[in-house]
Amino acid sequence: MAEGPRRRLRLVSTLLIGLVIVIVAQLAQVQLVDHSFYKAWAEEQRERPIAIDKPPRGVIRDRNGYVLAGNAVMCSVEADTAYVVDVEAAAAELGPLLHIPAAHVKQLLRSEAPWVQIMSPVSKELGDQIAALGLGGIRVEPLWVREYPEGVLASHVIGFCNAEGVGFYGVEGFHDTLLRPQHVEWEGPVDLASEQVPWRVAPVVLPQPGAGLVLTLDRTVQALAEQELARSVQEYQAEGGTIIVMDPRTFEILALASLPNYDPGRYTDFYGHDLLPFEDPAVSQQYEPGSVAKVLTVAAALDAGLATPETTYHDQGWIEVGGLRIANASRQAYGDQTVADILIRSLNVGTAWLATQMGPGVFYRYLQAFGFGRPAGVDLAGEVAGQLLLPEDYERWHDSNLGTNSFGQGLAVTPLQMISAVATVANDGTRLRPHVVGRRVASDGTVSTYQPMVESQAISPQTARTLIEVMVRVVEEGVPQARVEGYRVAGKTGTAQIPIPGGYDKEGTIASFVGFGPVPDPQLIILVKLDRPKTSSWASETAARSFRRLAARLFVVLGIPPDGTRMAEAVR
Amino acid sequence: MSDFMQWVTHGIKRGRFEVSPRLALRLFALVVVLTVMAALYLMLVSRTAARGRHIQQLEAELFRLRRENEQLEVEIASEGSISHIWERAIELGFAPAEDVEFLRPVAGEP
């Protein structure tokens, strides 16, 4: 070959080989050296987090399966602004339907944001109507809204859930984590409209709804308790009140009613109010229990072996404890009295005498065993511990506290702590943890049942039975207003002064009654607490009567036969 | 042929490219295998996409049914709420039970 063509051929070959080397080098740079960078970039453009439809929050039911808190479907009207074909037409259609000016809709649709929410929530019917219009770029997304089909019923127990799906107060607040649905999000390929492209099979891990809760509450008992509370507040002109109904054998709360209450579905109505009614007074507000606490003083003395119901003492109308002169509420002297009379006549001097016989060590050990001074441990949000000063707290505790505490003054409890303490007596001296959740139903259907938890053996079963008999005499001889025809019931009144800065309020009292029955096999315990009743300041004239009416109805509703029928069955 | 191309190809000697039947068969087999593999891959991808779409539809249906179910449950609960029942009971003339008598079945008697 001639020299000229050969040189040209070599030149072309060299150029081509050089070009190939450059291309290969570039390919190696892109595909090998910068592999991870380009891979991530590509995935970033193509793969986006895809949120799978959010499942509902767990349903709350009463013990018989009735829904107390469920989920309704509402809709959110949204727009992908880049895909709105005809802004004028869309605004003209949506404005009248959503009852907002079309100009406002137009402004939203012309916004530079890629996504705008036009209105949320709207009813499902309206959402369906808008979806049926088939407006390009307009989307109707379903969303869950918490619904309380029973309205105000048991509002304090249930609490409420806000628009973001966060629970507050009551069971909604306490079990928020359990009730919340699982949120599942996965990375996957999306198209230009950010819709999932199904060219890869999605992981079959569907988000699960929140766990369902079955409460110990009975909606019928709850409704009757609320009805009785409303009647009592009106009849005795009280400012508010609380009624708790419990099963003393299990410490299951059957009803928990407080006034004032609210509709959890309309909690936003109270925005801006100074006094919000959301806190449950039964667990979040403390009060001085007054004479109901005498039951515990007598229980302690009996259990410590320092007295029997027949033990006598001389009541001169007053007693001095720690330099403080303590008198009976009636300001009278009763002479020789038995320990049983202390409860029947509700004698402050008698309980103060018993407390001094026991001494602070024994007395406060029993009060703590009955659950005073610490939260009862109920599964409701916002429970407080109450207040029990102990001799160890030498800066605040005074010797006279021993005397005043013995009849329920100078210490503070929540209504739930008080009913739990008396329920301990009804339950042979064993204090369990009060609870409102009976069962938990996981999203896969697994049911976990609440197991009763023993908190303490406050007094012996023998002491408890002796005390119950004395408490029956309290109702039969001391507070006939609380008697329930056909049933033996035990109980104790409490008319407590209300502490204010610098002393006690001379105007109002807190009237309460805790009673249980039928004796000797108590199946119900009821606490009635009325705040500042005006028709009478005495619990025997107010709370005791409320107890009788409610107990009489509940015995029938719960199918508890009268004593005569039960005894006859027992004999057979 | 343009002057440039002629300049480029001037020095290339035309040769005879002879392919043996054996080599041709191997090349053909390779093409067939590659085609089959490509077809299988396409089939697999399209089937996966179809399955993915089907699963998406089933999920959407599941969520729709779940929503309807929850909605119905809440509506039923509202209709059967205590306040509703109370109103209906009063309308129908029911009254709270009073003086309830508990009957004791006696063994042996009907």
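The values are calculated or read from the model by the stated rules, or taken from the named source; none is laboratory data. All of these numbers come straight from a predicted model, not from anything done at the bench. Virtual Cβ from ideal backbone geometry, glycine too; neighbours counted across all protein chains shown.
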The one condition in (1) of a type outside the set (Phe, Trp, Tyr); (2) over 26 Å from B:GLU79 (Cα atoms); (3) surrounded by 21 or more Cβ atoms within 10 Å (Cβ to Cβ); (4) within 9 Å of the chain's Cα centre (by Cα) that A:GLY173 fails to fulfil: (3)
Members of segment A:180-189 that are within 21 Å of B:GLU73 (Cβ to Cβ) and within 14 Å of chain B (Cβ to nearest Cβ): A:PRO181, A:GLN182
Residue check, A:PRO360 of a type outside the set (A, V, I, L, M) and touching a residue at least 40 places away in the same chain (Cβ under 8 Å): yes
Hits in segment A:442-482 (condition: over 15 Å from A:PRO248 (Cα atoms) and acidic (Asp, Glu)): A:ASP444, A:GLU469, A:GLU476, A:GLU477
Selected residue (criterion: nearest to A:ARG219 (Cα to Cα)) from residues of segment B:21-79 that are polar (S, T, N, Q) and within 14 Å of chain A (Cβ to nearest Cβ): B:SER78
In segment A:474-487, the residues that are out of contact with any strand residue (DSSP E or B) (no Cβ under 6 Å at 6 or more places or on another chain) and closer than 19 Å to A:ILE526 by Cβ: A:GLU476, A:GLY478, A:PRO480, A:GLN481, A:ARG483, A:VAL484, A:GLU485, A:GLY486
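Would you confirm whether or not segment A:130-145 contains a residue that is among the aliphatic types (A, V, I, L, M), in contact with a Leu (Cβ under 8 Å, 6 or more places away or on another chain) and at positive phi? Let's see the steps before the verdict.
Pass one, segment A:130-145, residues among the aliphatic types (A, V, I, L, M): A:130-133, A:135, A:138, A:140, A:143, A:145.
Filter once more, keeping what is in contact with a Leu (Cβ under 8 Å, 6 or more places away or on another chain): A:130, A:135, A:138.
In the following step, the residues that additionally are at positive phi were identified as none.
No.
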Sole exception among (1) aromatic (Phe, Trp, Tyr); (2) farther than 30 Å from A:ILE243 by Cβ; (3) within 38 Å of the chain's Cα centre (by Cα) for A:TRP318, by number: (3)
Members of segment A:119-147 that are assigned to a strand (DSSP E or B), within 14 Å of chain B (Cβ to nearest Cβ) and surrounded by fewer than 17 Cβ atoms within 10 Å (Cβ to Cβ): A:SER123, A:GLU141
Answer from A:GLN234, A:GLN222, A:GLN196 - the residue that is among the polar types (S, T, N, Q), modelled with pLDDT of 95 or more and buried (at least 18 other Cβ atoms within 10 Å of the Cβ): A:GLN222
Output for segment A:54-108, where each listed residue is more than 30 Å from B:HIS84 (Cα to Cα) and of a type in the set (D, E, K, R): A:LYS54, A:GLU78, A:ASP80, A:ASP86, A:GLU88, A:GLU93, A:LYS106
Failed item, numbered, when A:LYS534 is tested on (1) in a loop (DSSP other than H, G, I, E, B); (2) basic (Lys, Arg); (3) within 14 Å of another protein chain (Cβ to nearest Cβ): (3)
Sole exception among (1) surrounded by fewer than 19 Cβ atoms within 10 Å (Cβ to Cβ); (2) assigned to a helix (DSSP H, G or I) for A:LEU467, by number: (1)
Segment A:347-379, residues that are part of a helix (DSSP H, G or I) and of a type in the set (A, V, I, L, M): A:VAL349, A:ALA352, A:LEU354, A:ALA355, A:MET358, A:VAL362, A:LEU367, A:ALA369
Unique residue being crowded, with 21+ Cβ neighbours inside 10 Å, hydrophobic (A, V, I, L, M, F, W, C) and farther than 30 Å from A:LEU68 by Cβ when the list is A:LEU306, A:LEU354, A:LEU259: A:LEU354
Complete set of residues in segment A:51-80 that are more than 9 Å from every other protein chain (Cβ to nearest Cβ), closer than 27 Å to A:THR250 by Cα and in contact with a Ser or Thr (Cβ under 9 Å, 6 or more places away or on another chain): A:GLY58, A:ASP62, A:ARG63, A:ASN64
Any hit, segment B:82-95, residues being facing chain A (nearest Cβ under 8 Å), at pLDDT below 85, loosely packed, with under 13 Cβ neighbours inside 10 Å and not in a helix (DSSP H, G or I): no
Any hit, segment A:336-346, residues being part of a loop (DSSP other than H, G, I, E, B) and either of a type in the set (Gly, Ala, Ser) or at negative phi (or both): yes
Residues that are buried (at least 17 other Cβ atoms within 10 Å of the Cβ) and outside any helix (DSSP H, G or I), drawn from segment A:81-112: A:VAL84
